[in-house]
Amino acid sequence: MAITSINNDKGVFPTNTELTKSVDGEGKDSFKKTLGGFISEVNDLQSKANESIENFATGKVENVHEVMIAMSKAEISFKFMMEARNKLIETYKEVMRMQM
């Protein structure tokens, strides 16, 4: 049995070219774009999970597994985003303490 990719999109992590642009200085707002991309991806997964729940509740979808998978994807991506946010805030506070 072959293992297939769940998400055929670009994915959560930046590519090597995106990382190179941010290091080279060519992509000055690449951090902003990357962060915005993460947030929009999490929002899309939340929307898909809500749509899946509505479809299940109205009887359009009878497969509970698909609904649970969509909900799990949304939950995991939201938790990842919150942990990344917390790390960014901790880092910012640490940098502010170093400057004093």
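Which residues, counting only those in segment 45-59, are assigned to a helix (DSSP H, G or I) and farther than 9 Å from Ser77 by Cβ?
Ser47, Lys48, Ala49, Asn50, Glu51, Ser52, Ile53, Glu54, Asn55, Phe56, Ala57, Thr58
For the list (1) at pLDDT 60 or above; (2) among the polar types (S, T, N, Q); (3) assigned to a loop (DSSP other than H, G, I, E, B), I need the number of the one condition that Ser77 fails.
So Ser77 meets the others, but not (3).
Report, ordered by the first and then the second residue, all pairs with beta carbons closer than 7 Å, sequence separation of six or more or different chains, a first member in segment 62-90 that is without any contact (Cβ under 8 Å) to a residue 40 or more places away in the chain, and a second member that is part of a helix (DSSP H, G or I) and hydroxyl-bearing (Ser, Thr, Tyr).
Short answer, once both residue conditions are applied: Glu66/Ser52; Val67/Ser52; Ala70/Ser52.
Please work out if Ser47 is polar (S, T, N, Q), surrounded by 14 or more Cβ atoms within 10 Å (Cβ to Cβ) and within 21 Å of Gly36 (Cα to Cα).
no
The values are calculated or read from the model by the stated rules, or taken from the named source; none is laboratory data. The shown structure was predicted, so the numbers you read here are calculated from the model rather than taken from an experiment. Ideal geometry is used to build each Cβ from the backbone, glycine not excepted, and the neighbour counts take in all protein chains shown.
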